[in-house]
Amino acid sequence: MANSDSCGRLAETIRELYGIVGRLETEYRDHDRHFTLDGHLVGSIGEVYAAERYGIKLFASSAPAHDGTAPDGKLVQVKATQRDFVGISAEPDFLIVLRIDERGGIDEVYNGPGEPVWSLFANRKRPKNGQYQVSLARLRKLNEEVPLEMRVPNLP
């Protein structure tokens, strides 16, 4: 189960990754490339963190619509980002959005039902990549309206 040691180890590993990224960008700046932590790596970090923090039992990687089941049975999609937005391609029952910073900190941006987030896209044409973008600022506002009993609770 989750404890502060496992979350602390994850934060330390994330700091190490950002250190490596910084070294790569310094050493190879002449090639005009960025070495960002994105895609599957950030997503997997978020999913592991959610498993540790909320007790989510994860499904196999790349499962459609949901990443796992919360201890109370809620089907949960976990989204993690380093940016100011996340992409969502299907309506999840419940959604947890996390922002990861370069110090290894992980901030819960949204924790609640997926419907209020998905309804933001109701009248929009689906983008070519299949993912609707939603800003973290918008998600933080929506998060303020989620009652405590509608959230996936932290493990003790």
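The values are calculated or read from the model by the stated rules, or taken from the named source; none is laboratory data. Not measured: the values here are computed from a predicted model. Neighbour counts are summed over all protein chains in view; Cβ atoms, including those assigned to glycine, are modelled from backbone coordinates with ideal geometry. These area figures cover heavy atoms from the full protein model, side chains too; ligands, DNA and RNA do not enter into them. Shrake-Rupley method; radii C 1.70, N 1.55, O 1.52, S 1.80 Å.
Observations
- 59, 35, 121, reordered so the largest accessible area comes first (probe 1.4 Å): 59, 35, 121
- Rounded Å value of the spacing that divides the Cα centres of the range 56-83 and the range 103-129: 14
- Fraction of accessible area attributable to carbon and sulfur, the chain (%, probe 1.4 Å): 52
- Sorting 10-20, 41-51, 122-132 by average packing, meaning the other beta carbons within 10 Å per residue, from highest down gives 41-51, 10-20, 122-132.
- Per-residue HN-Hα couplings for the range 134-147 [Karplus 6.51, -1.76, 1.60; θ = phi - 60°; Hz; x = Gly/Pro]: 9, 6, 5, 4, 5, 5, 4, 5, 4, 4, 4, 8, 7, x
- Restricting attention to the range 6-130, lysine pairs at least eight places apart or on different chains and with alpha-carbon atoms under 22 angstrom apart total 4.
- Using just its DSSP H runs of length 4 or more, each adding -39500 (n - 2.57), the chain gives a mean residue ellipticity at 222 nm of -10500 deg cm²/dmol after division by all residues.
- Total formal charge among the other residues, if their Cβ is under 15 angstrom from that of residue 73, Lys/Arg +1 and Asp/Glu -1: -1
- Per residue, the accessible area of the chain comes to 60 Å², computed with a 1.4 Å probe over protein heavy atoms only.
- Charges were assigned to the Cβ only: +1 to each Lys and Arg, -1 to each Asp and Glu. The resulting dipole of the chain about its Cα centre is roughly 480 debye.
- Cα gyration tensor, the range 5-140 - rounded (a/c under 1.5), prolate or oblate: oblate
- Degrees, to the nearest 10: 40-54 long Cα axis against longest axis of the chain: 50
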